[in-house]
Amino acid sequence: MDYHWPAFPAAAGDALRRSAAVSVPYLLCALAFWFLWEQLSYLRKKGPLPGPPFVVPFLGSALPMILNPTRFWARQAALARDLGVSTNFLVGRFVVFVRSTELSHKVFANVRPDAFHLIGHPFGKKLFGEHNLIYLFDQQHRDLRRRIAPNFTPRALSAYIDIQQSVIGTHIRRWLALAAASPGPIPLRLLCRDLNLETSQTVFAGPYLAPAARVQFNRDYNLFNVGLMALPFDLPGFAFRRARLAVSRLIQTLSATVALSKSRIRSGAEPTCLIDFWMQDALREIAEAEAAGAPPPPESNDCEIGGHLFDFLFAAQDASTSSLLWAVAALDAHPDVLARVRAEVSALWSPDSGLPITADQIRQMRYTEAVAREVVRYRPPATMVPHIAGEPFRLTEWYTVPKGAIVFPSVYESSFQGFPEPERFDPERFFSEERAEDRVYRRNFLAFGAGPHQCVGQRYAINHLVLFVALFVSLVDFRRHRADGCDDIAYVPTIVPRDDCTVYLARLMSRAPSS
């Protein structure tokens, strides 16, 4: 049978073409007006601050930032050198970059509903959800920090030390086996990432993550990491959407560990990981509320705690990877520092003893801790801490940050202000009692933030770095594979050496501590 499509009247086609021809100029005029309005809005918000005189519509400087973030942020810092602040425009958002240490403190000290909102990422609420530790204010935030304080007591930190060095020792043995099997330089970035991911999973969730859950956890966290550096297009097929969905799955996985921990602690078991220490006090508060006929305390259900566990993971994971890599790079570049660290560690502990490093021995490794702190000062992992202005905020006598602006206090730039010879890697500034730079210039040491949202786990982070350095220098003979630009900064999203810290590895000692 033949099918005949009805003919489209020529007159109707002509009318459609005439309509399109008439509407095109109006559309072009509307676009031109929008571009002009966006440009004028940017210039009005920019005011007297340095920044680009013209911005690309909608995208702004997003492409230069993604293609070469190191160059982009270095230019923002250079523009801010005189006034302490500079501006730009990213994906429809006005941006204020803060180089001045004192102005950064002003931002950190004014995290409240009518001033600045800590966001962790320029589009963090889309990724992490609205209910998140970093988005809480005032009494709600103070109450939650009080509830998580037991996670970082000396007793808890001592328990974590045993877990941390077991995981670190296991991974170092794998690295040495890899180096022995395939002679040649090895990039450490992904190896350190895997080490830290297993450490975080084991310290935070302990025995509650099954092997299959860990594999899926690693996949999802990798999707999340990729999405952090992608354009924020929340559409199917885009990295940002995959990251957002991965975060939901990660929080579900962590929420399940909370339920398992509650059950175990209720049975009278002793805490062995972070979630156990948290649940000890949480269960006591829940029981007291039930006895009084009151509703459960806030931030105590499995899903809420699972979300906050993810916050800890996000804060610890990539930052620790960055610090481990820069520690290896700094020790290779400064043989005198490496020799002092090895001497201090060997005087207190030997891998041939077969015993783990104790919390008391870590406290005695004062020079090694000074090295760890100098690594964090010299290369702070998260170079900026983004906030959003909830309301117009008078940052200086001559400039008010407009509502909705994304404000980037630069902890990296603060690390190179105040300190004598800040471009020099010098652990003595944190070790010498005469110099006492850790006290004199403490306002410039902002790697862990400041104000009400200062990092609650900074002692845990320093312990982790000290443990890694102590084990690495005791077990590994290493040499950097040097190439032009290997020490340049790359964003992934925390900062790492551009060559991923590629090194030659060989066994230094015959034994590693047993896991």
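Just checking, does region 182-189 include any residue being in contact with a helix residue (DSSP H, G or I) (Cβ under 7 Å, 6 or more places away or on another chain) and hydroxyl-bearing (Ser, Thr, Tyr)?
no
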Checklist (1) assigned to a loop (DSSP other than H, G, I, E, B); (2) modelled with pLDDT under 90 applied to Ala243, failing item: (1)
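Please go through region 124-135 and give me each residue that is farther than 21 Å from Ala450 by Cβ and open to solvent by less than 40 Å² (accessible area, probe 1.4 Å), ordered by number. Talk me through it step by step, then tell me what you get.
Initial filter on region 124-135 (farther than 21 Å from Ala450 by Cβ): 125-131.
Scanning region 124-135 gives Leu127, Phe128, Gly129.
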field: Cβ pairs under 7 Å, 6+ apart, first in region 72-88 and farther than 17 Å from Ala62 by Cα, second assigned to a helix (DSSP H, G or I) and open to solvent by 10 Å² or more (accessible area, probe 1.4 Å)
entry: Gly84/Leu103; Val85/Leu103
statement: For region 419-445, pairs from a residue that is surrounded by 13 or more Cβ atoms within 10 Å (Cβ to Cβ) to a residue that is outside any helix (DSSP H, G or I) and hydroxyl-bearing (Ser, Thr, Tyr), with Cβ under 9 Å and 6 or more apart or across chains, are Phe419/Tyr441; Arg429/Tyr441
field: Residue in region 356-369 that is assigned to a strand (DSSP E or B) and touching a residue at least 60 places away in the same chain (Cβ under 8 Å) present
entry: no
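Which one of Ala450, Ala461 is touching a Cys at 6+ places or on another chain (Cβ under 8 Å) and either touching a residue at least 60 places away in the same chain (Cβ under 8 Å) or over 27 Å from Thr358 (Cα atoms) (or both)?
Working: Ala450 fails: touching a Cys at 6+ places or on another chain (Cβ under 8 Å).
Step by step, each of Ala450, Ala461 is checked, and only Ala461 is touching a Cys at 6+ places or on another chain (Cβ under 8 Å) and either touching a residue at least 60 places away in the same chain (Cβ under 8 Å) or over 27 Å from Thr358 (Cα atoms) (or both).
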- prompt: If you go through region 295-343 one residue at a time, how many are open to solvent by 50 Å² or more (accessible area, probe 1.4 Å), modelled with pLDDT under 95 and either in a loop (DSSP other than H, G, I, E, B) or of a type in the set (Phe, Trp, Tyr) (or both)?
  reply: 5
statement: By residue number, the members of region 442-459 that are of a type in the set (Phe, Trp, Tyr) and modelled with pLDDT under 95 are Phe448
message: Considering only residues that are in a loop (DSSP other than H, G, I, E, B), over 26 Å from the mean Cα position of the chain (by Cα) and among the basic types (Lys, Arg), which ones fall in region 381-439?
response: Arg435
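Looking only at region 219-235, filter to residues that are under 20 Å from Gly60 (Cα atoms), buried (at least 19 other Cβ atoms within 10 Å of the Cβ) and not small (Gly, Ala, Ser); which one of those is nearest to the chain's Cα centre (by Cα)?
Quick first cut of region 219-235, residues under 20 Å from Gly60 (Cα atoms) only: 227-234.
Keeping just the survivors that are buried (at least 19 other Cβ atoms within 10 Å of the Cβ) gives 227-228, 232.
Then drop every residue that is not not small (Gly, Ala, Ser), which leaves 228, 232.
Details: Leu228: 10, Pro232: 18 Å.
Step by step, filter region 219-235, then rank; the result is Leu228.
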field: Residues located in region 263-321, provided they are in contact with a Leu (Cβ under 6 Å, 6 or more places away or on another chain) and charged (D, E, K, R)
entry: Glu299, Asp311
message: Checking the structure you have, find out if any residue of region 266-273 is outside any loop (DSSP other than H, G, I, E, B) and open to solvent by less than 70 Å² (accessible area, probe 1.4 Å).
response: no
message: Condition first: without any contact (Cβ under 8 Å) to a residue 40 or more places away in the chain and either surrounded by 14 or more Cβ atoms within 10 Å (Cβ to Cβ) or not in a loop (DSSP other than H, G, I, E, B) (or both). Now tell me which residues in region 179-198 satisfy that.
response: Ala181, Leu191, Asp194, Glu198
- request: Looking for whichever is under 22 Å from the mean Cα position of the chain (by Cα), surrounded by fewer than 19 Cβ atoms within 10 Å (Cβ to Cβ), touching a residue at least 40 places away in the same chain (Cβ under 8 Å) and in a helix (DSSP H, G or I) here; the options are His141, His121. Which one fits?
  value: His141
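Among the residues of region 120-145, write down those that are among the aliphatic types (A, V, I, L, M) and modelled with pLDDT of 85 or more. Break it down stepwise before answering.
Step one: list which residues in region 120-145 are among the aliphatic types (A, V, I, L, M), which gives 127, 133-134, 136, 144.
Once the filter is applied, which keeps residues that are among the aliphatic types (A, V, I, L, M) and modelled with pLDDT of 85 or more, region 120-145 yields only Leu144.
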- prompt: Taking Ser474, is it crowded, with 18+ Cβ neighbours inside 10 Å, of a type in the set (Ser, Thr, Tyr) and farther than 29 Å from His117 by Cα?
  reply: yes
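The values are calculated or read from the model by the stated rules, or taken from the named source; none is laboratory data. A quick note: this is a predicted structure, and the numbers were derived from the prediction, not measured. Here Cβ is always computed from backbone atoms with ideal geometry, including for glycine, and neighbour counts include all displayed protein chains. All accessible areas refer to the heavy atoms of the entire protein, side chains included, with ligands and DNA or RNA removed. Shrake-Rupley method; radii C 1.70, N 1.55, O 1.52, S 1.80 Å.
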